[in-house]
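**Q** Below are the structure tokens for one structure; questions will follow.
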Amino acid sequence: MIKRIVMNPRRDATGADISIVWFRQDLRLADNPALNAASERGIVIPAFIWSPDSEGDWPPGGASKWWLHHSLEELSKRLEKLGAKLILRGGNPLDELKSLVRETGAKAVFWNRRYEPFAIEQEKDVAKYFQGAGIESESFNSHLLFEPWEIENKSGKPFRVFTPFWKTCLAAAQRIQKPVPQPAKIVSPKEWPPSLSLSDLKLSPQRDWANGFARVWEPGEAGAGKNLKRFLRDSISGYEDSRNRPDQMGTSRLSPHLHFGEISPRQIWDAARQHKSASAKKFLAEIGWREFSHHLLFHFPETPTRPLSAQFEKFAWQKNAAWLKAWRRGRTGYPIVDAGMRELWATGWMHNRVRMVAASFLVKDLLQPWQEGARWFWDTLVDADLANNTLGWQWVAGCGADAAPFFRIFNPVLQGEKFDPDADYTRSWIPEIAALPDKWIHQPWNAPKDVLSKAGVELGRNYPEPVVSHAIAREVALERYARIKDS
């Protein structure tokens, strides 16, 4: 468990206190407890340390780095409006924090907690050092409604099923603190320590694949606020139904803002709970799933690469580089899957319903290890989050907590017809088959030749034949599952 470490502050000869705020995945000014603590104490030096080598096996992927670049840019501008400056450093976090303390004479270091295994160890090292050095240090919860160790079952153990977990959270909802506004002012030092420029961090992708991101997203605290306002105004009342429709703007699209801490879950909780509808409760339950994912990662830190259900260690995957490449590029021949994968590449995001369909297809139709999908999503999603990504892939693969059973295998044709009934989503991402009638667009291989010809579709040339038969692939997957289910 991460423990808060608070020590008596030392003061310099003038009585002025300097505190360092170590920004991490909390890139906002409002409802930021570490920033508030430092602001109440005196002079504040905000700092961000780029340290991909300290992120274990999960340094930020390409899409995440694009988002981080723009989020830091926005945070820096917001701090400047308050007369402050964001100090950028690169290297080992503890080494850089020690340097900042020496350079500034800071008497305190504050930060908000993260919950990935490597981040927990990192924080322990930081806290231990400053405790020994006589520097006040304190960490805070800004990322979750509840700490992962605060919610437990009646036996005092972590939950592995969502519904009782969320019921326990709701029963403790009175403990959720109200969000607090940003500090009215930030007191700056007379001299700022040296800082790298944002371009020095080299976060922007070298290739042009991320050019479309800016047309879809506005990273930063302001963008997060706009998305929440838009969702509460236009979509929350119908969320229970529209959340499954990729052809509609029915979801909040707050996931990348939440991951980078541009908005806090407390802010979302406080705003959304004002709506008393069943749809609002459903939306808040999705915030609950995010809580659940961090609960699981904290208690089962091996799960990013290993199945929670040990029997799946023996599953006979069928690694196939060509199939994996076809899936990544949106060239499987199954339109709803391909539309999702192309949306992912173009925008850094994919609708959640389509994520489930695309993931099921990779794991159960193509029999590729779920870890391969998790790695691809990690690199291409702007909302790539280790806890959420792990929970999602293990859920689809049937090997995690509260997972869909392995024999629940999504039929990509039926999923497309049900959740993209007018094929607006599919047509927007697969223009080469856009002229097909609704009857055939989710299954072009079954369309009569004259229909294909009239629509300008040449299967195997301008749009691929299916890489596998879903019906046959389903039987193969179930047979392989049968080999391990009683083990």
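**Q** If contacts are Cα pairs under 8 angstrom and at least 6 residues apart, what is the relative contact order of the chain in percent?
**A** 17 percent
**Q** What Kirkwood hydrodynamic radius, in Å, does the chain give when the mean of 1/r is taken over all pairs of distinct Cα atoms and then inverted?
**A** Computed over Cα pairs of the chain, the Kirkwood hydrodynamic radius comes out at 24.1 Å.
**Q** Grab the other residues whose beta carbon is less than 11 angstrom from that of residue 92, score K and R as +1, D and E as -1, and report the net.
**A** In short, -2.
**Q** In what sequence, highest mean first, do 446-454, 407-415 appear when ranked by Cβ atoms within 10 angstrom?
**A** 407-415, 446-454
**Q** Hey, fewest Cβ within 10 Å first, where do 41, 243 land in order?
**A** Least to most surrounded, the residues fall as 41, 243.
**Q** Then there's this: Find out how many positive minus negative residues lie around residue 301, taking Lys and Arg as positive, Asp and Glu as negative, among other residues whose Cβ is under 11 Å from that of residue 301.
**A** For residues surrounding residue 301, the net value is -2.
**Q** Taking neighbour Cβ counts within 10 Å as the exposure measure, how do 151, 45 sort from fewest upward?
**A** By the 10 Å Cβ count, ascending, the order reads 151, 45.
**Q** May I ask you to derive the relative contact order of the range 310-484, considering only C-alpha pairs under 8 Å and at least 6 residues apart, and to give it as an integer percent?
**A** Relative contact order, the range 310-484: 26 percent.
**Q** Cross-link partners among lysines for residue 157, C-alpha distance below 22 Å, same-chain residues fewer than 8 apart left out?
**A** The qualifying lysines are 3, 167.
**Q** Restrict the search to the range 244-321; then list the GluC sites (Glu not before Pro) that DSSP places in a loop and that have at most 13 other Cβ atoms within 10 Å of their Cβ.
**A** Those satisfying the criteria are 302.
**Q** Of 226/281; 98/128; 364/485; 276/418; 77/190, which pairs sit farther than 24 Å apart, going by alpha carbon to alpha carbon?
**A** Over 24 Å Cα-Cα: 276/418.
**Q** Near the amide H of residue 187, under 5 Å away, which other amide H atoms are found, from residues 5 or more places off or on another chain, if H is placed in the peptide plane?
**A** The list, which skips near neighbours in sequence, is 44.
The numbers here are math on the coordinates, done by the rules we state, and not lab data. Remember, predicted model here, so these are calculated numbers, not experimental data. Heads up, the Cβs are rebuilt from the backbone with ideal geometry, glycines too, and the neighbour counts pull from every protein chain shown.
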